[in-house]
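The values are calculated or read from the model by the stated rules, or taken from the named source; none is laboratory data. Only a predicted model underlies this, so the values are computations on that prediction, with no experimental measurement involved. Here Cβ is always computed from backbone atoms with ideal geometry, including for glycine, and neighbour counts include all displayed protein chains. Remember, those area values only see protein heavy atoms, side chains included, never the ligands or the DNA or RNA. Shrake-Rupley method; radii C 1.70, N 1.55, O 1.52, S 1.80 Å.
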Amino acid sequence: MTRILVTGGAGFLGAHLCERLLDMGNHVTCLDNLHTGARQNIAGLLANPRFEFVEHSVIDAFDGNFDEIYNLACPASPQHYQRDPVYTFKTSVIGTLNMLELARRRGAKLLQASTSEIYGDPLVHPQKENYWGNVNTMGVRSCYDEGKRGAETLVSDFHRFHGVNTRIVRIFNTYGPGMNPEDGRVVSNFIIQALTGKDITIYGDGSQTRSFCYRDDLVEGIIGLMNAPDHVTFPINIGNPVEITVRKLAETVLAMIASKSRIDFRPLPEDDPMQRCPDVSRAREYLGWEPKVPLQEGLGNTIEYFRQIIASRSIPSVPKTA
């Protein structure tokens, strides 16, 4: 039985990762201080004797006997990571340093959850892992972008100088059931606004592009990377290479829900990237991975999830169409 630590394990992706790892027969410890994670995300796992929840911040030292560490801890949506930018940066850098020290002490493999945001507002499209990025070091998003870039540096140096067995996954936009309805992400925002009859907010003219990877596909890619051969220590993009404009996404959500909400255009936030789409050639070559869930199917599952959330809060929503 593999002993696995998942930091940020009570978050959207972390909770699903914990569940999947338990299904594979592992012993899983979820480490989370609930800054953006939530107990209800892991409520269904607490009865499993192979699952343990520890309320703790990665900024503070931690010890335990583990074979593998998935380091996901960090606020990940702009609304959350800009709320306390110094905390976000400390979580990325000091938190990653603490997890690397733990991996070195215990001889554990460590997978670092990095992000597509390390590419900034890219001048290369689609983004390949050998692209160094175009990042504003002093902007409002820098606490996250630069924090994750610094974390990648630490992971690489611990591998080179201390021999720690490491992996780096660069996660692109991910969505699916379990998303926090108040995290400010574009998919959750659009669905909730459409379900409740509010205007859909688009920042800019909606021509900026994103690519959306369904939660289940993303988690399978992450696990595949952890289990890849030991020479696969270089960054690997995990995301959906199918690109869509933000406006087209809004129109798709409106049509699927049959909502009469209108689109409300607002000024574009500072440093918001105009294009975001991964080149997943490395994932195909080294992991045999590519996304399987089409956007329409994934959005349908996510819309149903948010219908249930809204119903539990007794908020009127748009009725289902036949």
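Output the Kirkwood hydrodynamic radius of the stretch 137-199, Cα pairs only, in Å rounded to one decimal. It is 14.8 Å. Calculated accessible area for the chain comes out at 44 Å² per residue, all protein chains present (probe 1.4 Å; ligands, DNA, RNA ignored). With Cα atoms as the point set, the chain shows a radius of gyration and Dmax of 19.1, 61 Å. Under a 5 Å amide H cut-off, with hydrogens placed 1.01 Å from N, G139 pairs with nothing among residues at least 5 apart or on other chains. Spin-label model, D272/H162: points 7 Å from Cα along the beta carbon direction are separated by 3.9 nm.
For the pair E52 and E243 in one chain, pulling the backbone fully straight at 0.36 nm per residue adds 64.9 nm over the alpha carbon distance.
Summing charges over all other residues whose Cβ lies under 9 Å from the Cβ of F172, with Lys and Arg as +1 and Asp and Glu as -1, gives +3.
Only Cα pairs within less than 10 Å get springs; with that Gaussian network setup on the chain, which residue of G14, G37, G107 has the largest fluctuation? It is G107.
Amide H contacts under 5 Å for I263: I200, restricted to partners 5 or more places along the chain or on a different chain, H placed in the peptide plane at 1.01 Å from N.
Annotation: S317 carries an accessible surface of approximately 50 Å², with a 1.4 Å probe and no ligand, DNA or RNA atoms counted.
Here the gap between N227 and L34, fully extended at 0.36 nm per residue and compared with their Cα-Cα distance, gives a gain of 66.7 nm.
Peptide packing: for 256-263, 87-94, the average count of neighbouring Cβ atoms within 10 Å per residue gives the ranking 87-94, 256-263, highest mean first.
Relative to the dominant Cα principal axis of the chain, helix 295-312 is inclined by about 80°. Scanning residues 5 or more positions from L110 or on other chains, those with amide H under 5 Å from its amide H are I69, N165, T166, R167, with H placed 1.01 Å from N in the peptide plane.
Using the structure shown, select from K90/K128; K128/K248; K198/K260 the pairs with a Cα to Cα distance greater than 18 angstrom. Each step should come with its number before you reach the end.
Values: K90/K128 27 Å; K128/K248 24 Å; K198/K260 9 Å.
Cα-Cα > 18 Å for K90/K128; K128/K248; rest within.
Could you please report the charge total around D217, scoring K, R as +1 and D, E as -1 over all other residues with beta-carbon less than 10 angstrom from its beta-carbon? With Lys, Arg at +1 and Asp, Glu at -1, the neighbours total -1. On C-alpha positions alone, give me the angle between the axis of helix 215-226 and the longest principal axis of the chain, in degrees, nearest 10. The answer is roughly 20 degrees. Taking A73, A61, A250 as the candidate residues, the one with maximal mean-square fluctuation in a Gaussian network model of the chain, Cα springs under 10 Å, is A61. The average projected area of the stretch 156-234, computed from the convex hull of its Cα atoms over all directions, is 7.4 nm².
The residues neighbouring R185, those whose beta-carbon lies less than 15 Å from its own, together hold a net charge of +1 under the Lys/Arg +1, Asp/Glu -1 convention. Under a Gaussian network description of the chain, with springs only between Cα atoms under 10 Å, the residue in D272, D216, D32 that fluctuates furthest is D272.
Could you order L287, L123, L102 by accessible surface area, starting with the largest, using a probe radius of 1.4 Å?
Numbers: L287 40, L123 140, L102 0 Å².
Largest accessible area first, the residues go L123, L287, L102.
Let me know the Kirkwood hydrodynamic radius for the stretch 1-144, please, with Cα pairs as the basis and the value in Å to one decimal.
Working: mean 1/r = 0.0628 Å⁻¹.
It is 15.9 Å.
Here is the P(r) of the stretch 39-114: all C-alpha pair distances, binned every 5 Å from 0, give 3, 14, 21, 22, 20, 14, 6, 1 in whole percents.
Calculated on the alpha-carbon coordinates, the convex hull of the stretch 79-200 measures out at 135 cubic angstrom per residue.
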